[in-house]
Each structure stands twice: as structure tokens, then as C-alpha cells.
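Working notes, structure below.
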Amino acid sequence: MIQTLPCLHPHPGWNAAQAAAHAAAQASSQPAPITDTVGKHCILELYGCDHARLDDEAFLRDTITAAAKRAGATLLNLITHRFEPQGVTGLALLAESHISIHTWPESGYAAVDVFTCGDHTMPERACAVLAEELAAAEHKLTSFRRETPGAIQVSSRLPAEAA
């Protein structure tokens, strides 16, 4: 069976009451108030990086692991892939969320995404490790808080019962 976006549930694990509350909040003229921060999301652009490091899969695995540790996150799994003729993609699954990196050695560029939930982690520290280890000449860091709309924060999120 091929699934398309319209058939995928937008909020897996929600029960009917939670879905109805969310739909009611969406239908109201005012958006649901934001009441709680669930985490922090950092988007990091690295320019003028060391070309060899951007193409070294083992080096990037070590660097991502160090970045997760420096952020205070728990690394659950790390998957990487080296492309031919160059470039590496890496994804670190964290207990708190994820770190991803995509490199273009031929351009000295890396795109990084770090999202951590909770207040015990510091994703900016992971970004600093990556920028330093990849010897970036320049970088752009965009950081924002991920927030929970009040409509879903007040209800407990229980898995939907099987039919």
C-alpha cells in the first residue's frame, strides 16, 4: 500500500477527544495560546569548512557523537552515509530528539539541524562543536523555541485505543 500525505494522520497517538479539541482550536478565530516550551531547535549553516573533514564519514561520526555529548544529550543511534564522489549525510537519534548534517565538500558547506527537548540540553553547544571541528570560516545560527499549543498541553496524550 502506498501512503500519500493526505492519508497520514497528522497527530499519531491522539485519541478522538484530543483530535476534536485540536480541531476546535483550529476552527476558532484565534489560535490556541502557546503555553509551554518543549525544546529548542537550531538551524546551523557552515561555510568555508575544511573540505577533507566534510567528506570523512568516520570523522563526522566522531564529531556528531562529541556534539551530542557536549549538548548534554543522550545518543541512541547514529547513522551515516558517504556519497560518491563526495558528501556525507548523518543522523543522530537522541533521546531528546535529533542532530542531522548534510555536507557538500566541493563547496565547503554543511547544513546542520539540532533539535533537543527538555531543559537539560543545550543544542547551541552541539552547534559550536560542529562549527569548530569542521573549521568553518563563517556560520549562521538560527535558534528558536519549539512550543506546545495550549489546546494539546492541557490534555494527557494517551495512545488511541485499538479498534
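General remarks:
- The amide H of Ala73, built 1.01 Å from its N in the peptide plane, has no neighbour under 5 Å, considering only residues 5 or more places off or on other chains.
- For Gly39, residues with placed amide H under 5 Å, excluding near neighbours: Gly118, Arg146
- Cβ-placed point charges (K, R +1; D, E -1), dipole of region 36-148 about Cα centre in debye, nearest 20: 280
- Using the Cβ-Cβ distance between Asp36 and His81 with R0 set to 35 Å, the FRET efficiency works out to roughly 0.45.
Each reported figure results from applying straightforward, stated rules to the coordinates on display, with no laboratory input. Keep in mind the model is a prediction, meaning the values are calculated, not measured. Glycine gets a Cβ as well: all are built from the backbone with ideal geometry, and neighbour counts include every protein chain shown.
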